[in-house]
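Read through the structure below, which is laid out as structure tokens, and then see the notes.
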Amino acid sequence: MKFFLDNCLAIRHARALNEMEKPEHNFIHLQDKFSAETKDEDWIRALGSEGDWIVISGDYRIGKSPHERAAWHESGLTVFFLSKGWTNIPPRLQHSKLTLVLDAIIEHAGKSAAGSGFSISINGKIEQIYSP
């Protein structure tokens, strides 16, 4: 599987996860593929046209903003939104929590319909919030 981490998560998370999980899974950060200033709806549409991406986003507002939500639903991307609080914890703790929930993310991504949306609580609970 190909995973994409947005700008709300540190680039080092994507690089570390990629080293840990390759060759079975690949992780790339927004800044490794697009300009850091790329608007959410632009990278969402671009990844959607490529297909087969799973997004891990620290920006839970994407699922709430009407124009960004529309871009996501049109793209067919499966997205895991880290809920409120994730971006407020220290980077090492954030990385360790993300690593601990990674197997569940991979499992959910593998058995869910493309375009599904999930919320991940700070405690690691994954809840489906959208089904296409």
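Of all residues being in a helix (DSSP H, G or I) and surrounded by 13 or more Cβ atoms within 10 Å (Cβ to Cβ) in the stretch 51-68, which is modelled with the highest pLDDT? Just the residue, please.
Only one residue tops the list, namely Glu68.
Looking at (1) under 21 Å from Lys2 (Cα atoms); (2) in contact with a strand residue (DSSP E or B) (Cβ under 9 Å, 6 or more places away or on another chain); (3) surrounded by 13 or more Cβ atoms within 10 Å (Cβ to Cβ); (4) at pLDDT below 95, find the lone condition where Ala71 falls short.
Answer for Ala71: the failing condition is (2).
Can you find, within the stretch 1-41, the residue that is nearest to His95 (Cα to Cα) among those that are open to solvent by 60 Å² or more (accessible area, probe 1.4 Å) and in contact (Cβ under 8 Å) with a residue 24 or more places away in the chain?
Arg12
Okay, residues lined up against (1) of a type in the set (Gly, Ala, Ser); (2) touching a Leu at 6+ places or on another chain (Cβ under 9 Å):
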| position | (1), (2) |
| --- | --- |
| Ile62 | no, no |
| His67 | no, no |
| Ala70 | yes, no |
| Trp86 | no, yes |
| Ser96 | yes, no |
| Leu100 | no, no |
| Asp103 | no, no |
| Lys111 | no, no |
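Answer yes if at least one residue in the stretch 103-117 is more than 16 Å from Met1 (Cβ to Cβ) and either in contact with a Cys (Cβ under 9 Å, 6 or more places away or on another chain) or not in a strand (DSSP E or B) (or both), and no otherwise.
no
Residue by residue through the stretch 83-102, note down the ones that are free of Cβ contacts under 8 Å to residues at least 40 places away in the same chain and closer than 19 Å to Met1 by Cα.
Leu100, Val101
Against the condition open to solvent by less than 40 Å² (accessible area, probe 1.4 Å), over 14 Å from the mean Cα position of the chain (by Cα) and under 19 Å from Ser119 (Cα atoms), how does Ser83 come out, does it pass?
no
Here is a yes/no grid of residues against (1) closer than 19 Å to Ala71 by Cβ; (2) touching a Leu at 6+ places or on another chain (Cβ under 6 Å); (3) part of a helix (DSSP H, G or I):
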| position | (1), (2), (3) |
| --- | --- |
| Ala14 | no, yes, yes |
| Asn18 | no, no, yes |
| Gln31 | no, no, yes |
| Thr38 | yes, no, no |
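Among (1) over 16 Å from Arg61 (Cβ atoms); (2) among the hydrophobic types (A, V, I, L, M, F, W, C); (3) open to solvent by less than 30 Å² (accessible area, probe 1.4 Å), which single condition is Ile89 missing?
With respect to (1) over 16 Å from Arg61 (Cβ atoms); (2) among the hydrophobic types (A, V, I, L, M, F, W, C); (3) open to solvent by less than 30 Å² (accessible area, probe 1.4 Å), Ile89 is out only on (3).
The values are calculated or read from the model by the stated rules, or taken from the named source; none is laboratory data. Remember, predicted model here, so these are calculated numbers, not experimental data. Every residue, glycine as well, gets a Cβ built from its backbone with ideal geometry; the counts of neighbours run over all protein chains shown. Protein only, heavy atoms only, side chains kept; ligands, DNA and RNA dropped before computing areas. Shrake-Rupley method; radii C 1.70, N 1.55, O 1.52, S 1.80 Å.
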